[in-house]
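> Let me give you the structure first, and then I'll get to my questions.
Coordinate-derived values only; no laboratory data. Since we're looking at a predicted model, the values are computed, not measured. Here Cβ is always computed from backbone atoms with ideal geometry, including for glycine, and neighbour counts include all displayed protein chains.
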Amino acid sequence: MQPNAMATYKRLTTTLLLAALLSVFSHRSLAATAKFDPELKAKLAQAVSKSTSFTDKFDAQFWLLQKSSSLERFIKDPKERLDLLQLIHHQATLSDVPPEFVLAVIEIESGFNQFALSYVGAQGLMQVMPFWKNELGRKEDNLMEVKTNLKYGCTILKHYYDRAKGNWTEALARYNGSYGKLKYPIKVMNAWEKHWR
């Protein structure tokens with residue numbers, strides 16, 4: 001084997017071995033991350049102490065740290081990530097939808113861009129259509145504001161989930177306005193499986 005090929009083979013083997021170990025010991029890896037990054041650890045502790053939707057502080061710390069790691073590719077600032085994750089968990093819990101599904105919907109809908117605006121006028125993280133404000137008589141609501149957007153989006157998602165009698169494929173298609181088509185539900189389910197489960 002050529003020297004360059006051998007070096008490439010060793011790097012690939014090492015990378016695959018590390019990936020396998022990280023996958024098997026992900027909970028240990030996440031705990032180690034908190035130990036080695038004091039700033040993240042402090043922010044996580046603060047986020048956990050302020051959280052109202054978790055019943056157990058250990059569960060809160062684990063969930064926030066795990067999801068923060070996945071969210072880092074979209075949002076670089078650790079405090080911003082933790083604040084957003086707290087809001088998502090809280091609003092999802094209030095609406096009785098899994099926060100992990102809400103994260104997957106946001107990834108596909110807006111890529112975690114709070115100010116996303118679609119060509120049909122959907123707004124914010126969960127791409128809520130502004131006609132809902134008129135329907136509710138709340139024209140003053142700002143759908144670009146994260147908390148408001150999450151309230152609307154999580155409530156709408158729960159409504160469609162209930163209407164679909166627990167069928168996430170149908171609920172997601174209805175949420176996206178593509179009822180009867182599978183493209184959108186598959187994208188969300190893939191995001192959930194890869195990043196948020």
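> Contact order normalised by length for region 37-196, with contacts defined as Cα pairs under 8 Å and 6 or more residues apart; what percent is it? Walk me through the intermediate numbers first.
Working: 192 pairs, mean separation 29.0, N = 160.
Relative contact order for region 37-196 comes out at 18 percent.
> Let me see the P(r) profile for region 65-184: every Cα-Cα distance counted, bins of 10 Å, each bin given as a percent of all pairs.
The percentages, shortest bin first, are 14, 46, 34, 6.
> Specify the inter-centroid distance of region 164-197 and region 76-93, based on alpha-carbon positions, in whole Å.
Taking the Cα centre of region 76-93 as reference, the centre of region 164-197 is 22 Å away.
> Just to be sure I understand: if I project the alpha-carbon convex hull of region 144-197 onto a plane and average over all orientations, what area do I get in nm²?
4.1
> Each residue of region 158-173 in order: what ³J(HN,Hα) in whole Hz does its phi give by Karplus 6.51 cos²θ - 1.76 cosθ + 1.60, θ = phi - 60°, with x for Gly and Pro?
After applying 6.51 cos²θ - 1.76 cosθ + 1.60, I find 4, 4, 5, 5, 5, 4, 8, 6, x, 8, 5, 4, 5, 4, 5, 5 Hz.
> Further question on the same structure: Let me know the Rg and Dmax you get for region 79-135 when you use only its Cα atoms, in Å.
In order Rg, Dmax, the Cα atoms of region 79-135 give 11.8, 35 Å.
> Starting from the 7 Å offset along Cα-to-Cβ, what nm value, one decimal, do you get for the label separation of Glu193 and Tyr179?
Between Glu193 and Tyr179, the simple spin-label model gives 2.6 nm.
> Among the listed pairs Lys67/Lys147; Lys76/Lys133; Lys158/Lys181; Lys57/Lys165; Lys79/Lys147, which have their C-alpha atoms separated by more than 21 angstrom in this model?
Working: Lys67/Lys147 18 Å; Lys76/Lys133 31 Å; Lys158/Lys181 19 Å; Lys57/Lys165 32 Å; Lys79/Lys147 16 Å.
Pairs exceeding 21 Å: Lys76/Lys133; Lys57/Lys165.
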